[in-house]
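Structure first, then comments.
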Amino acid sequence: KNQVEQSPQSLIILEGKNCTLQCNYTVSPFSNLRWYKQDTGRGPVSLTIMTFSENTKSNGRYTATLDADTKQSSLHITASQLSDSASYICVVPLGGGGNKLTFGTGTQLKVEL
Amino acid sequence: DAGVTQSPTHLIKTRGQQVTLRCSPKSGHDTVSWYQQALGQGPQFIFQYYEEEERQRGNFPDRFSGHQFPNYSSELNVNALLLGDSALYLCASSFRVTEEKLFFGSGTQLSVL
């Protein structure tokens, strides 16, 4: 069964600290993995898109890693800010590409003072 | 440059009614996908439209139907509403079916009473 699982389900950190979110997927065939940030009541916004040949990709304070052998990805956030409080969703397309996407249930991150 | 716009932002209906949600894609985009996001869950793929035709469909009943117009805008129709249809409905657009970077609208929050 094609699935995307994320951990932890929720996370609270202090402003300025780093954190790492995890994603395991069983979608096959695999073409790419995406991380999205979703603020409450808003649509998801793309952070990174990684193909199977990429191990690491950065977007500002966000760094995503991908291990296609173990089918795991992580999203590392450095020097967290209050505005980072959101749901972070790991997404993998079904059928090897296109936009029929399988979304994880997300990690709810809260950054506090 | 307007992004993806959806209307209405909020909607309240009763069981058995019918609803139409609307989406205008980002300028330059020709492909529209619709997703349903229940509270606390990741979005679920409903269907995708390109060149005014449904190209892919997720695991949703025939009560969910759609349309794409020549100007690339799209509608999602849901008939015989059920309480379980209460969710955030997201529209996403891209250039061509295979483009990987999706832009999401802010969604329509549908409540079925």
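The values are calculated or read from the model by the stated rules, or taken from the named source; none is laboratory data. Keep in mind the model is a prediction, meaning the values are calculated, not measured. Here the Cβ is made from the backbone with ideal geometry for all residues, glycine too, and neighbour counts use every protein chain on show. With ligands, DNA and RNA removed, areas are computed over all heavy atoms of the protein, side chains included. Shrake-Rupley method; radii C 1.70, N 1.55, O 1.52, S 1.80 Å.
Restricting to the stretch A:12-35, and then to whatever is small (Gly, Ala, Ser) and at pLDDT below 95, can you tell me which residue is surrounded by the fewest Cβ atoms within 10 Å (Cβ to Cβ)? Only one residue tops the list, namely A:Ser28. For A:Val91, the conditions (1) among the aliphatic types (A, V, I, L, M); (2) in contact with a Phe, Trp or Tyr (Cβ under 7 Å, 6 or more places away or on another chain); (3) open to solvent by 10 Å² or more (accessible area, probe 1.4 Å) all hold with the exception of (3). The criterion of at least 2 residues that are open to solvent by 60 Å² or more (accessible area, probe 1.4 Å) is met by the following strands (runs of 3 or more DSSP E) wholly inside the stretch B:1-79: B:10-13, B:53-57.
Residues that are under 19 Å from B:Leu39 (Cβ atoms) and over 11 Å from the mean Cα position of the chain (by Cα) within the stretch B:60-101 comprise B:Phe60, B:Leu81, B:Leu82, B:Leu83, B:Gly84, B:Asp85, B:Ser86, B:Ala87, listed in sequence order. Considered as a group, the residues in the stretch B:102-113 that are surrounded by fewer than 20 Cβ atoms within 10 Å (Cβ to Cβ) and within 12 Å of the chain's Cα centre (by Cα) include one that is nearest to the other protein chains (Cβ to nearest Cβ), and that residue is B:Ser106. If the condition is being within 14 Å of another protein chain (Cβ to nearest Cβ) and of a type outside the set (A, V, I, L, M, F, W, C), then the stretch B:9-34 contributes B:Thr9, B:His10, B:Ser24, B:Pro25, B:Lys26, B:His29, B:Asp30, B:Thr31, B:Ser33. One residue alone among A:Gln81, A:Gln38, A:Gln72, A:Gln9 is open to solvent by 10 Å² or more (accessible area, probe 1.4 Å) and either at positive phi or touching a Pro at 6+ places or on another chain (Cβ under 8 Å) (or both), and that residue is A:Gln38.
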